[in-house]
Amino acid sequence: MMKTIKPINYILLSIAILYVLPIILANTYYLDDMGRAILGYSWGHDGRFIASLVAKLLSLQDIAISLYPFSIIISAIIIFISGTILAITLGLYTPSKQFHISHLTCLILLIPPFLLENLAFRFDSLYMALSIFLAILPIYYYQHKFFILISSICLFLIFGLYQISSMLYFSALLCLQISHSINNKKILWKVLFYSLISFFLAFAAYKIILHFRGYTIERAALLPMSINNMHIIINRLSDYINIYKTLFISSKYLTATALLIIGAICGLSIKLYKIDSMLVRLKQILIIILCILGVMICSVFPNILLETMWLTARTFIVFPIFIIILAIFIQPLFTHQKKLLKYIATIAYIILFSYSFVLSSIFGSILKNNDDYNNLLATEITHKLTSVVPDEQIELVIAGSAPPAIRSLLLYNKYPIMHLLVPNHLSEDQYWGVKSLSTYYWFNWSTNKEELILQKCDFPLLESNHFYQIRQKENTFIIDFDKCI
């Protein structure tokens, strides 16, 4: 493998680093970064003890530290390498000195919009990227006699780094089967069976380690399977559909992928047409459909089954596989005799990658705009509260939601998917709102915030301006963006 991957195309590597440049230039603390920057806590409470261990080894301290900007750069490189391994395994990439547009397939794991959130974490991006690499690595060895051992070790490490990437492992295997099917190869029954064995071995070892280390994962409880809970599952599936509508329709991602989809249909038709037997052709179509359904199940599986749904952009770790599948289908067009088909494939890649870079740029701009805006509010609020209660620990409650940063408003309206990728922290239903206001002074989260919000208008008014009102109850302050009349 090293001989195959070693001559990495410098153009592709440069593109991978350029893609994350807007995130680096934004220079912001994203969600959990806010708390970790101050308290240095790791990921043990989520059962991600390997991520915690690696973080502590890197820091040479008993804390997690940010390696920004290197963490984001290295994460992009790791995901690029993972994509290269997958592309080589699927026969979509052959290393060469001369650049070809189809070589961009190596970057498809990196460029889907949902992954922008994973990359934005200063502290966490490196461990998420490692989990992606470990999910893809065993696929390269699917014909190796130690496939079960390699898969088991990689899956165990994934569980300790970022559990949801285990679904990427199965999705990549299904992607491999799709590649075999369109080339009229046999079904990989043995590989799929071995992968299930590997998963259960790794999961059993992971649970044993959790038990002996005394870890309790807060979000690991499974939703009870009963008729009464079917409406919950249906509502969760509806949430997924709404997110995809927001991405593909409202944010025009369908326009960016339309030519790729058309080219994929053409490429798949060409491949299937070459199969002489109609029965074999129908069999391969059925296998492809079942594999795609399997990838769809993998993409929603954890959030559907967990009692507490955690539907964030970073949980869409399987989404790139759908684009990879389109890349498999469109690949025959690059080598077809008709120039028109070659042009369709080339333009499809150019449009997809161009729009992906546009979304990355917009993502970085919104991060920066929101950070400047939050810092302005944090400066004003901190100065006011610390002058009123200078020597006591202050508790903070956020009521309502702050209006968006004025420079982000147009971007949010034109690209609604950014509401998911860059949510408004300064909101009463966002845990990170108080942390966002703790830029210059550490404010505590009030445990009875719901009660205080209901009674907010009864408390003395300390400050009122265009953006918010501040009300006080002893050393607890309510930042009210809805403002009592």
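Miscellaneous remarks
- Among the residues of segment 244-267, some residue qualifies, meaning at least one is part of a loop (DSSP other than H, G, I, E, B) and within 20 Å of the chain's Cα centre (by Cα).
- Checking each residue in segment 183-211 for being more than 13 Å from GLY47 (Cβ to Cβ), open to solvent by 70 Å² or more (accessible area, probe 1.4 Å), part of a helix (DSSP H, G or I) and not basic (Lys, Arg) picks out TRP189, PHE193, TYR194, LEU196, PHE200, LEU201.
- You will find that of LEU410, LEU385, the residue that is farther than 30 Å from LYS252 by Cα and either of a type in the set (S, T, N, Q) or not in a loop (DSSP other than H, G, I, E, B) (or both) is LEU385 and no other.
- Here ARG281, ARG236 are screened, and the one residue that is open to solvent by less than 80 Å² (accessible area, probe 1.4 Å), farther than 26 Å from LEU168 by Cβ and of a type in the set (D, E, K, R) is ARG281.
- The set of residues from segment 324-350 being open to solvent by 10 Å² or more (accessible area, probe 1.4 Å) and under 22 Å from the mean Cα position of the chain (by Cα) comprises just one member, LEU326.
- Boolean, SER356 is within 24 Å of ILE101 (Cβ to Cβ), open to solvent by less than 10 Å² (accessible area, probe 1.4 Å) and either in contact (Cβ under 8 Å) with a residue 40 or more places away in the chain or in contact with a strand residue (DSSP E or B) (Cβ under 9 Å, 6 or more places away or on another chain) (or both): yes
- Scanning segment 107-125 for residues that are part of a helix (DSSP H, G or I), touching a Phe, Trp or Tyr at 6+ places or on another chain (Cβ under 7 Å) and within 20 Å of TYR240 (Cα to Cα) gives a single hit, LEU116.
- Verdict on GLU392 being over 29 Å from LEU247 (Cα atoms), outside any loop (DSSP other than H, G, I, E, B) and open to solvent by 60 Å² or more (accessible area, probe 1.4 Å): no
- For HIS180: the one exception among (1) at pLDDT 90 or above; (2) out of contact with any helix residue (DSSP H, G or I) (no Cβ under 7 Å at 6 or more places or on another chain); (3) open to solvent by 60 Å² or more (accessible area, probe 1.4 Å); (4) not polar (S, T, N, Q): (3)
- Test for PRO69: is it within 27 Å of SER354 (Cβ to Cβ) and open to solvent by 10 Å² or more (accessible area, probe 1.4 Å): yes
- Segment 427-455, subset small (Gly, Ala, Ser) and either open to solvent by 50 Å² or more (accessible area, probe 1.4 Å) or not in a helix (DSSP H, G or I) (or both), residue nearest to GLU474 (Cα to Cα): SER446
- Boolean, LEU119 is over 16 Å from the mean Cα position of the chain (by Cα), touching a residue at least 60 places away in the same chain (Cβ under 8 Å) and surrounded by 19 or more Cβ atoms within 10 Å (Cβ to Cβ): no
- Hits in segment 473-485 - residues which are over 39 Å from the mean Cα position of the chain (by Cα) and either closer than 11 Å to ILE381 by Cβ or buried (at least 16 other Cβ atoms within 10 Å of the Cβ) (or both): LYS473
- Subset of segment 80-106 that is hydroxyl-bearing (Ser, Thr, Tyr) and in a helix (DSSP H, G or I) - its residue that is most open to solvent (accessible area, probe 1.4 Å): THR89
- For segment 87-104, the count of residues that are over 26 Å from PHE329 (Cβ atoms), under 20 Å from the mean Cα position of the chain (by Cα) and not hydrophobic (A, V, I, L, M, F, W, C) is zero.
The values are calculated or read from the model by the stated rules, or taken from the named source; none is laboratory data. In this text, all values refer to a predicted model and were calculated from it rather than measured experimentally. With ideal geometry, Cβ positions are generated from the backbone for all residues, glycine too; neighbour counts draw on all protein chains shown. Surface accessibility is based on the protein's heavy atoms, side chains included, excluding ligands, DNA and RNA. Shrake-Rupley method; radii C 1.70, N 1.55, O 1.52, S 1.80 Å.
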